[in-house]
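> Below is the structure I would like to discuss, written out as structure tokens.
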Amino acid sequence: MSTRKKLVWGLGGALIVVYCLFPIAWIVSVSFKAPSDLANGSFLPTELTWQNYDLILFGGASDLFLPALVNSFGICLIATAISCLLAMFAAYAIARLDFPGKKLILSTALAVAIFPVISIVTPLFNLWRNIGLYDTWPGLIIPYLSLTLPISIWTMSAFFREIPWEMEQAAQVDGATTWQAFRKVIVPLAAPGVFTTAIIAFFIAWNDFIYGISLTSTEAARPVPAALGLFTGASQFEEPTGAISAAAVIVTIPVVVLVLLFQRRIVAGLTNGAVKG
Amino acid sequence: MTTTTLPPGKKTEPVSAPDKGITDRARSERKLGWLLAGPAFAVMLLVTAYPILQATYESLFDYRLTDPENRSFVGLTNYWVILTDSLWWESIGVTAFITLVTVAVELVLGFGLALVMVKALRALRPVLRAAILIPYAVITVVSAFAWQFAFDINSGFVNSWFTWLPGVAADTDWFGDRWTAILVICLAEIWKTTPFISLLLLAGLAQVPEVLQEAAKVDGATRWQRMWRVTIPNMKAAIMVALLFRTLDAFRVFDTIFIMTNGANGTESVSFLAYRQTIARLEIGLGSAVSVLLFLCVVAIAFSFIKLFKVDLAQARGE
């Protein structure tokens, strides 16, 4: 490639990075602005201040934010774990066994994935109130499975199809027991796929908003996105902009860390699941 | 227009036991298959099929939670009420508009991003990949807030940065008017979801056979001709899958609207209408009917994609 071409594509790349990071840089900047600084119309704060973080972590807004953070982590991790476990068995069967209904399971997963969430919320709202699941952790974990399970099945079976399963027999021929062959050969081959699927499922659960605002009412189960959506200022005269930004930055940190650590795998998982299935 | 694609490769059919005279081994494999996949299948049905059936049932009643004693069967009246109300048609219009605009822009923009990622230097690729995953992974609510604050009349910087544009002044209230509010909603949605499309298109680009590009080059095809006659026809499957997923996703738009305008100034989407009827107004009957109608819309879109555009997921999977 000529130097000029390199420069053009390099410039294109730089534009992409700016495009992707600009809104994030902006919300980080707002989170460091003092209230007096908010309306000055500039991108950067005139003076850095931690007071917004102080407010949501230790101050008046911490009662709303900290329980929500715990709820979000707990509910999303449990929903991810359950759907990965269920998907692991299903994906193994789809990738390795010959049985009628494989297509049915994959198309059901696809149908569930495109299901409008609001159509599930309406009946659950009423049902959960009647059976006492409203505003509880299980009351969110169960509907979260509708978000995380289809993509887990789809992504994991794409990964499992690429595992050279003959290696298991080869190990057994070489004298390994069935358990050894499974533990030493299959588990290391399958683990990356399971792990990547778990990250993608976690992202999706972490992003939920509709279930969060509809099926909870207190800090007993309300996750972070819902808490953010219902956030109001300390008094009615105070705009909660700074506090919301600080909270937004804090909930963005875990996903950014996951992206930076596992970007290659996440891309493989996303495209395998959708294009290769 | 002539397009150039490779003939489909010979398919190797999976060897499966014939139905009659099924061996014990095959039978036990089937049993194990359903034993392993059954729980996941059952859970999926439980969390979607059951609620939609329940919603369909409840949509036939005049039923509000504030007045549960007076629940009465009204047949299809709720659907009639909704379909003759301008609110429904307005929300359909808003949803369709947002869907069309965002998906069209995302497809073009996503294709551009994918091309840059293919051509960019090897050393740059991990940086681009990480950057492009950030909008995908960020919570929609956070993205909505970031864009809302940027355009906000008090806390935003857009008004002071873009005063040179016609129609933008220091006191432009973006969320006070229907179309400017929808514009900002679209911008936030496009920013958040273009990366997903570009990753799917990138995978599609990788599937275009290099030999075809070379052959076209030798035959003297221009860059533009190669793009339209070779690259795009060969990644049609990937494009269609990306379109299908994004269209259905865009049609369910809710989070961004909730944060930015709360449905004010005629920015209510269909999902938002269903939410407001059920959760805010506790009109279970009417809300259920809107939910069922939304579900039917999504089914209709998916069906027409598969029938009209012949989206073949098996083909897209390279089988």
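> Once the convex hull of the C-alpha atoms of chain B is built, how many Å³ does it hold per residue, rounded to a whole number?
On the way: hull volume 74.8 nm³, N = 319.
Here the figure is 235 Å³ per residue.
> Separate question: How long are the three semi-axes of the equivalent ellipsoid of the range B:181-276, in whole Å, if each is the root of 5 times an eigenvalue of the C-alpha gyration tensor, listed from largest down? Numbers along the way, then the final one.
On the way: eigenvalues 312, 31, 18 Å².
Taking √(5λ) for each Cα gyration eigenvalue gives 39, 12, 9 Å.
> Under 8 Å for C-alpha pairs, at least 6 residues apart: give me the relative contact order for the range A:63-276, rounded to a whole percent. Don't skip to the answer; put the middle values down first.
Working: 227 pairs, mean separation 71.7, N = 214.
The value is 34 percent.
> Set the Förster radius R0 to 30 Å, insert the Cβ-Cβ distance between residue A:169 and residue B:296 as r into 1/(1 + (r/R0)^6), and round the FRET efficiency to 0.05. Walk me through the numbers on the way to the answer.
Values: r = 49 Å, r/R0 = 1.64.
The formula returns an efficiency of 0.05 here.
> Counting partner chain Cβ atoms within 10 Å of every residue's Cβ in A:249-262, what's the average? Intermediate values should be presented prior to the final figure.
Values: counts 1, 0, 4, 7, 0, 1, 7, 5, 0, 2, 9, 4, 1, 2.
The shielding value for this peptide is 3.
> Pop the C-beta distance of residue A:230 and residue A:195 into the FRET formula with R0 = 25 Å and round what comes out to the nearest 0.05.
Working: r = 34 Å, r/R0 = 1.35.
Calculated value: 0.15.
> Tell me the net charge near residue B:99. Cut-off is 10 Å between Cβ atoms, residue B:99 excluded, with +1 for each Lys or Arg and -1 for each Asp or Glu. Working shown, then result.
Numbers: positive: B:246, B:252; negative: B:189, B:249.
Neighbourhood net charge equals 0.
> Ok, one more. Average projected area of the Cα convex hull of the range A:127-267, in nm²?
Directional mean of the projected Cα hull area for the range A:127-267 stands at 12.0 nm².
> Name the most mobile residue of A:170, A:205, A:68, meaning the one with the largest mean-square fluctuation, in a Gaussian network model of chain A with Cα contacts below 10 Å.
Maximum among the listed residues: A:170.
> Now for a separate question. Spin-label point model (7 Å from Cα, Cβ direction): what's the residue A:21 to residue A:77 distance in nm?
3.0
> Could you calculate the contour length gain from residue B:65 to residue B:206, that is, 0.36 nm times the residue separation minus the distance between their Cα atoms, to one decimal place in nm? Write down the numbers at each step before the final one.
Working: separation 141, 0.36 × 141 = 50.76 nm, distance 5.40 nm.
Once the chain is fully extended between residue B:65 and residue B:206, it gains 45.4 nm.
> Would you mind getting the Kirkwood hydrodynamic radius of the protein assembly as shown from its Cα pairs, rounded to one decimal in Å?
Value: 25.9 Å, from the Cα pair sum.
> For the range A:60-174, rounded, prolate or oblate, judged on the Cα gyration tensor with a ≥ b ≥ c (square roots of eigenvalues), a/c < 1.5 rounded, else prolate if a/b > b/c?
Details: a/c = 3.26, a/b = 1.87, b/c = 1.75.
The shape class here is prolate.
> Taking each residue of B:158-165 in turn, how many C-beta atoms of other protein chains fall within 10 Å of its C-beta, and what is the average?
Numbers: counts 2, 1, 4, 3, 0, 1, 0, 0.
Mean partner-chain Cβ count within 10 Å for B:158-165: 1.
> Here is a further query. Using a cut-off of 14 Å between beta-carbons, work out the net charge of the residues near residue B:36 (Lys and Arg +1, Asp and Glu -1, residue B:36 not included). Numbers along the way, then the final one.
Details: positive: A:96, A:102, B:30, B:31; negative: A:98, B:29.
Summing Lys/Arg as +1 and Asp/Glu as -1 gives +2.
> Related question: Hey, what does the equivalent ellipsoid look like for chain A, semi-axes from the Cα gyration tensor as sqrt of 5 times each eigenvalue, largest first, whole Å? Show your work: numbers first, answer last.
Working: eigenvalues 318, 155, 56 Å².
Result for chain A: semi-axes of 40, 28, 17 Å.
> A further question follows. Excluding residue A:47 itself, calculate the net charge of residues whose Cβ lies under 13 Å from the Cβ of residue A:47, where each Lys or Arg counts +1 and each Asp or Glu counts -1. Before the final figure, lay out the partial values.
Numbers: positive: A:33; negative: A:37.
Cβ neighbours under 13 Å give a net charge of 0.
> At 0.36 nm per residue, minus the direct Cα-Cα distance, what do residue B:232 and residue B:25 gain on full extension? Give it in nm, one decimal, please.
Working: separation 207, 0.36 × 207 = 74.52 nm, distance 4.57 nm.
So the chain would gain 70.0 nm between residue B:232 and residue B:25.
> So how do A:182-194, B:193-205, A:94-106, B:126-138 stack up, highest first, on mean other-Cβ count within 10 Å? Display every interim value, and only then the final one.
Details: A:182-194: 15.7, B:193-205: 24.4, A:94-106: 17.5, B:126-138: 21.2.
Highest to lowest by the protection proxy: B:193-205, B:126-138, A:94-106, A:182-194.
Coordinate-derived values only; no laboratory data. All values reported here derive from a predicted model rather than from experimental measurement. Every residue, glycine as well, gets a Cβ built from its backbone with ideal geometry; the counts of neighbours run over all protein chains shown.
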